[in-house]
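The values are calculated or read from the model by the stated rules, or taken from the named source; none is laboratory data. Remember, predicted model here, so these are calculated numbers, not experimental data. We place every Cβ from the backbone using ideal geometry, glycine too, and count neighbours over all the protein chains shown. The protein model used for the area step is the full one, side chains on, heavy atoms only, and it has no ligands, DNA or RNA in it. Shrake-Rupley method; radii C 1.70, N 1.55, O 1.52, S 1.80 Å.
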Amino acid sequence: ILTIGTIGDIVELKGENRVFVKRGLRSIMNSDRAGIEALVQSSGLAGKNISAGNVSFTLVPRINAVGRLGLSEKSVKLLLTEDFEEAEEISVQLCDDNAERQQIEKDILDKIDLRIQQDPSLVLDKVIVIDGKDWHQGVIGIVASRIKETYGKPAIVISRNGIEAKASGRSVEGFPLSEAVFYCSD
């Protein structure tokens, strides 16, 4: 669990973190924890040499997806259970939830792409700000990250729900997004 958390938090793999991850990767391949073993199997990594990349792009998204969808207790149950059958069942649910999260993300990105095609001026400002009605708040941060990567600019994605709106932003190196937002607070 320490290895998965270290990799998932994108911690530099130096010093003790490197040792934790190196030893932990071996433990993941030969885990006696029902939840980790089930997750490795259901994600298609069983029998493979597991790397930090595998953990980062295969295991971590499945654990995080349920949190983004508001179902964090599933990941906790998976990591705590000692019952392999229960772990298999939860692991399959995590894989399904991750696929759902990916689809929600894709749907929002498709809507944004269509809006940008219809109005290319949306990406001409120094910061891209785009909003939509009832976009899932758990994935707008990932969407902002994708927009930032695509256009090489800071991006803020806003989800409107009635009179309330919530946003998530991602920035590029050297541009503190929070300072920019505070600067125009009025």
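Please tell me if N49 is of a type outside the set (D, E), open to solvent by 20 Å² or more (accessible area, probe 1.4 Å) and outside any loop (DSSP other than H, G, I, E, B). Walk me through it before giving the result.
Values: of a type outside the set (D, E): yes; open to solvent by 20 Å² or more (accessible area, probe 1.4 Å): yes; outside any loop (DSSP other than H, G, I, E, B): no.
No; evaluated as a whole, the condition is false for this residue.
Condition first: under 19 Å from A65 (Cβ atoms) and either of a type in the set (A, V, I, L, M) or in contact with a Cys (Cβ under 6 Å, 6 or more places away or on another chain) (or both). Can you find one or more residues in segment 121-128 that meet it?
For segment 121-128, residues under 19 Å from A65 (Cβ atoms) and either of a type in the set (A, V, I, L, M) or in contact with a Cys (Cβ under 6 Å, 6 or more places away or on another chain) (or both): absent.
Looking only at segment 123-135, which residues are in contact with a helix residue (DSSP H, G or I) (Cβ under 7 Å, 6 or more places away or on another chain) and free of Cβ contacts under 8 Å to residues at least 40 places away in the same chain?
Correct list: V123, I128, I130, G132, W135.
Can you find a residue in segment 111-133 that is buried (at least 16 other Cβ atoms within 10 Å of the Cβ) and within 15 Å of P61 (Cα to Cα)?
For segment 111-133, residues buried (at least 16 other Cβ atoms within 10 Å of the Cβ) and within 15 Å of P61 (Cα to Cα): absent.
Residues that are among the β-branched types (V, I, T): which strands (runs of 3 or more DSSP E) entirely in segment 82-186 hold 3 or more of them?
Once the strands (runs of 3 or more DSSP E) in segment 82-186 are filtered for at least 3 residues that are among the β-branched types (V, I, T), what remains is 128-133, 155-161.
Among the residues of segment 2-21, is there at least one that is modelled with pLDDT under 90, assigned to a loop (DSSP other than H, G, I, E, B), open to solvent by 70 Å² or more (accessible area, probe 1.4 Å) and closer than 21 Å to V139 by Cβ?
Yes.
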